[in-house]
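The values are calculated or read from the model by the stated rules, or taken from the named source; none is laboratory data. Note that this is a predicted model, so its numbers are computed, not measured. Cβ coordinates were reconstructed from backbone atoms using ideal geometry, including for glycine residues, and neighbour counts include every protein chain displayed.
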Amino acid sequence: MKKYLYDYIKEIDNLIESKKIKENDINDHLIKIGFFQHERYIHLVVTLFYCLFMFIFLGLGIIFWGFTIIGLILLIFVLFYIVHYFRLENGVQYLYKQYDKMKELL
C-alpha cells in the first residue's frame, strides 16, 4: 500500500507541475482520497486491536510468564503497524494539499 500511495502522489505531483488539470482529474483524485481514507481507518482499527491484545497479554504475564512473551511479540507488531499508519496518515494529508493545489489551478 505504501508504494501504491507514493506512486500515486508522484503521478499527481507531475500532473500539477504540468498544469494540465481537468475537472475529471479532480473527481478521480477525490475518489482515490476516499479509498486511502478507508484504508487508513482499517489500519487504525487493526492497530488499536493489536494494542488492546498486547496490553491484555502483558497484564496476564503477571499470572503466567508465557503470556509476557506473547505480549512482547504483539509489541513488535504494534510498532510496525504504528510506523505503517504514520506513513499512511502523512500520505493522505498530502493528498489533501494536492487537492487544494488542483482546485487553484482549475
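Observations
- Pairing each residue of region 68-83 that is over 10 Å from residue 47 (Cβ atoms) with any residue that is not in a helix (DSSP H, G or I), provided the two are 6+ apart or on different chains, yields C-beta distances under 7 Å for 68/61; 71/61.
- Region 84-106, residues that are among the basic types (Lys, Arg) and in contact (Cβ under 8 Å) with a residue 12 or more places away in the chain: 87, 101, 103
- The listed residues are 31, 21, 9, and the only one of them that is in contact (Cβ under 8 Å) with a residue 40 or more places away in the chain, over 14 Å from the mean Cα position of the chain (by Cα) and under 16 Å from residue 99 (Cα atoms) turns out to be 21.
- Test: residue 81 is under 12 Å from the mean Cα position of the chain (by Cα), surrounded by fewer than 16 Cβ atoms within 10 Å (Cβ to Cβ) and in a helix (DSSP H, G or I): no
- Flag for residue 57 being modelled with pLDDT of 90 or more and either β-branched (Val, Ile, Thr) or surrounded by 14 or more Cβ atoms within 10 Å (Cβ to Cβ) (or both): yes
- Qualifying positions in region 52-78 - among the aromatic types (Phe, Trp, Tyr) and within 24 Å of the chain's Cα centre (by Cα): 53, 55, 77
- Filter result (more than 26 Å from residue 81 (Cα to Cα), surrounded by 13 or more Cβ atoms within 10 Å (Cβ to Cβ) and of a type in the set (Asp, Glu)) within region 14-47: 25
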